[in-house]
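Below: the structure, in structure tokens.
The values are calculated or read from the model by the stated rules, or taken from the named source; none is laboratory data. Just so it is clear, the structure is predicted and the values come from calculations on it, not from any experiment. All Cβ positions, glycine included, derive from the backbone under ideal geometry; neighbour counts span all protein chains shown.
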Amino acid sequence: MNEKIWITGAKGMLGQELSALASQHSYHTILSDIEVDITNESSVESFIEKHQPSVLVNCAAYTAVDLAETEKDLNYKINATGPQVLGKVLAPKNIPILHISTDYVLNGKSPNPLRPSDAYSPVNEYGKAKMQGELFLKESGASVWILRTAWLYGIHGKNFVKTMLHLMQNKEELRVIHDQFGNPTWTLNLAEAILQIIQSKSHFGTYHYTGDGITSWYDFAKAIQELGLQYGLLSKSIPIHPVSSSEFVTPAKRPLWSALSKTEVQETFGVQVPHWKEALKKYIQLESTHAPD
Ligand SMILES: NC(=O)c1ccc[n+]([C@@H]2O[C@H](COP(=O)([O-])OP(=O)(O)OC[C@H]3O[C@@H](n4cnc5c(N)ncnc54)[C@H](OP(=O)(O)O)[C@@H]3O)[C@@H](O)[C@H]2O)c1
């Protein structure tokens, strides 16, 4: 492949998945994480001078959603100033950017999946900073794909699926929120979509990519338990109780409805959007053959 892909946040959950997949597909990858601070213009400049990437996938972010309510400055710096710096440096060099964003820039109320063109309505500090990051990139003049995703899990890093499996094995019962709806997304499926999008070198704009189908955290947890038992990751079944968001208060508010529409990304790039339950089954199957991180 002739693309030279710079992946920032390459040690994160998505960054590791994408790096591995890109290498498998024989892309030339240049990886960086916190040692190349995306909020530092001169670090970004000198990294580009040295490595001459042909495209950037920005997976670097501040992702501690609850902590962001108190660590407001750090959250803003990484999620808003970071993309601003990347846009400013990469625009004049004509290096396209695929920037990963989040469902938390939106907050739906209807039964319909949210479209990329829907108005911003973040309900927490993390969502507000990610929104500002998107806006900075749009203003930068760079060629940008903003790809919003949600409810990520995968083989690397901490995530809901791994937390649930751990709790299910170590607790006698669990309470899981039943009134927040969204789309679970396997990082491997997202990484496949990212490679397909950057290869197009066209149709810049804002898109959504998640697993297909809509569920609640409660039903997601029940599916994790079912598959965990089936594939031997769990040795016992425990009761899982549905609770409402008002009973399970977290420092950051979450949108009750953040299901995302994939129509635009499918029609434009022809990417595959597997159903979340099918993807979860493949992931659990894979996890059952791996030692934990
Ligand atoms: N996880 C989800 O469920 C979810 C949902 C929707 C959207 N997203 C978006 O998906 C993307 C990837 O998320 P993820 O879960 O893979 O995140 P992650 O695991 O937290 O990885 C982010 C990486 O970026 C690094 N980083 C932080 N500040 C940096 C800086 N200033 N310069 C360079 N690197 C820096 C982090 O290092 P440290 O760990 O050392 O800070 C970490 O290795 C993010 O844009 C996130 O907003 C995630």
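Being in a loop (DSSP other than H, G, I, E, B) and either out of contact with any strand residue (DSSP E or B) (no Cβ under 6 Å at 6 or more places or on another chain) or more than 10 Å from the ligand (Cβ to nearest atom) (or both): is that true of residue 129 here? Walk me through it before giving the result.
Values: in a loop (DSSP other than H, G, I, E, B): no; either out of contact with any strand residue (DSSP E or B) (no Cβ under 6 Å at 6 or more places or on another chain) or more than 10 Å from the ligand (Cβ to nearest atom) (or both): yes.
No: the conditions fail for residue 129.
Taking residue 158 and the conditions (1) more than 15 Å from the ligand (Cβ to nearest atom); (2) within 16 Å of the chain's Cα centre (by Cα); (3) of a type outside the set (Val, Ile, Thr), which numbered condition does it fall short on, given that it satisfies the others?
(1)
Keeping to the range 223-250, report how many residues are among the charged types (D, E, K, R) and either in contact (Cβ under 8 Å) with a residue 24 or more places away in the chain or outside any helix (DSSP H, G or I) (or both).
Summing the residues that are among the charged types (D, E, K, R) and either in contact (Cβ under 8 Å) with a residue 24 or more places away in the chain or outside any helix (DSSP H, G or I) (or both) in the range 223-250 gives 2.
Just one of the numbered conditions (1) away from the ligand (no atom under 11 Å from the Cβ); (2) surrounded by 19 or more Cβ atoms within 10 Å (Cβ to Cβ) is not true of residue 101; which one?
Single failed check for residue 101: (1).
Tell me which residues, restricted to the range 181-211, are assigned to a strand (DSSP E or B) and farther than 18 Å from residue 160 by Cβ.
205, 206, 207, 208
Could you tell me whether the range 64-83 includes any residue that is away from the ligand (no atom under 15 Å from the Cβ), under 16 Å from residue 9 (Cα atoms) and either of a type outside the set (Gly, Ala, Ser) or in a helix (DSSP H, G or I) (or both)?
no
Between a residue in the range 163-183 that is closer than 20 Å to residue 112 by Cα and any residue that is assigned to a strand (DSSP E or B) and at pLDDT below 95, which pairs come within a Cβ distance under 9 Å, given they are 6 or more apart or on different chains?
As it stands, the answer is 181/108, since those pairs meet every condition given.
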